[in-house]
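Worksheet: the structure to be examined is printed underneath.
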Amino acid sequence: MLLSLPGQPGHGEPGGRDRNRLSELRSAFWCAAGLLTCMLLVDLANGTLAHWRALCWTAVALALFAVLYPPRVSAGEGWLASRGPVRTCVVRTDLLVLVRRSDGMSPRLVLRDALGGRVELDPEVLTANPLLWHRLEQGVGRSRERGLLRCGAAPLRELAERIDHDGARAVFQASGLG
């Protein structure tokens, strides 16, 4: 882990949390429960349901829930953390050395700090949570001032433009202009 400094996870209240996590967690639960229900009903309809089969189907549903389980993203002054079902990853945003966007089935933003910390998260989390984005942006500014962050301007600029665009659209819609 990192040095134990005030303002890190476990030291005081974080400055921001993912507001959409609860709905994603609920969706993961209902997907796993729906799969379990379907598998049990099919087995029951075929007359092949047994205790050991029900246990196997429960294990499959639990595995699906573990795969769909959304990480808990939180941020404070100088840090950003992503806690999954198995481990917690923390990065010092004021000591960032690398920011890159990993495209694929699901785009990811990869953050790496000078102490070896690494966090990989969905950019949608930052788009949907302006306070998390603000905390990250503050740390990125400090990293640039210290000369640590030399690459990663493009993905951060694209993300900033998207967040600004979404924010402006929300303001226009709320005011009845858009």
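The values are calculated or read from the model by the stated rules, or taken from the named source; none is laboratory data. A quick note: this is a predicted structure, and the numbers were derived from the prediction, not measured. Please note: Cβ atoms are built from the backbone with ideal geometry, for glycine as well, and neighbour counts cover all protein chains shown. Only protein heavy atoms, including side chains, enter the accessible area calculation; ligands, DNA and RNA are left aside. Shrake-Rupley method; radii C 1.70, N 1.55, O 1.52, S 1.80 Å.
For the stretch 102-122, does any single residue satisfy the condition of being part of a helix (DSSP H, G or I) and either aliphatic (A, V, I, L, M) or out of contact with any strand residue (DSSP E or B) (no Cβ under 9 Å at 6 or more places or on another chain) (or both)? Step through it out loud before you land on a result.
Of the stretch 102-122, the ones part of a helix (DSSP H, G or I) are none.
Checked against the condition, which is being part of a helix (DSSP H, G or I) and either aliphatic (A, V, I, L, M) or out of contact with any strand residue (DSSP E or B) (no Cβ under 9 Å at 6 or more places or on another chain) (or both), the stretch 102-122 yields no hits at all.
What pairs can you find where one residue is in the stretch 56-68 and under 9 Å from CYS31 (Cα atoms), the other is open to solvent by 50 Å² or more (accessible area, probe 1.4 Å), and their Cβ atoms are less than 7 Å apart, with a gap of 6+ or different chains?
ALA61/LEU35; LEU64/CYS31; LEU64/LEU35; PHE65/PHE29; LEU68/CYS31
Give the number of residues within the stretch 35-58 that are under 29 Å from PRO85 (Cα atoms) and surrounded by 11 or more Cβ atoms within 10 Å (Cβ to Cβ).
12
Among what's in the stretch 119-178 and is at pLDDT below 85 and among the basic types (Lys, Arg), pick the residue that is surrounded by the most Cβ atoms within 10 Å (Cβ to Cβ).
Restricting to residues being at pLDDT below 85 and among the basic types (Lys, Arg), the top hit is ARG162.
Within the stretch 86-101, take every residue that is in contact with a helix residue (DSSP H, G or I) (Cβ under 7 Å, 6 or more places away or on another chain) and charged (D, E, K, R) and give me the one that is surrounded by the most Cβ atoms within 10 Å (Cβ to Cβ).
Filtering the stretch 86-101 down to residues in contact with a helix residue (DSSP H, G or I) (Cβ under 7 Å, 6 or more places away or on another chain) leaves 93-96, 99-101.
Retained after the next criterion (residues that are charged (D, E, K, R)): 94, 100-101.
Working: ASP94: 21, ARG100: 14, ARG101: 15.
Of everything passing the filter in the stretch 86-101, ASP94 is surrounded by the most Cβ atoms within 10 Å (Cβ to Cβ).
Determine which single condition LEU80 fails, assuming it passes every other condition in (1) out of contact with any helix residue (DSSP H, G or I) (no Cβ under 9 Å at 6 or more places or on another chain); (2) of a type in the set (A, V, I, L, M); (3) in a strand (DSSP E or B).
Just one mismatch for LEU80, condition (1).
What pairs can you find where one residue is in the stretch 141-159 and in contact (Cβ under 8 Å) with a residue 40 or more places away in the chain and closer than 18 Å to ASP122 by Cβ, the other is surrounded by fewer than 17 Cβ atoms within 10 Å (Cβ to Cβ) and among the charged types (D, E, K, R), and their Cβ atoms are less than 7 Å apart, with a gap of 6+ or different chains?
From the stretch 141-159, the pairs are GLY152/ARG100; PRO155/ARG100; PRO155/ARG101.
What pairs come out if I take residues in the stretch 112-137 that are under 18 Å from PRO71 (Cβ atoms) and pair them with residues that are acidic (Asp, Glu) and open to solvent by less than 70 Å² (accessible area, probe 1.4 Å) whose C-beta lies under 8 Å away, six or more apart or interchain?
What qualifies is VAL125/ASP18; THR127/ASP166; ALA128/ASP18; ASN129/ASP18; LEU132/ASP18.
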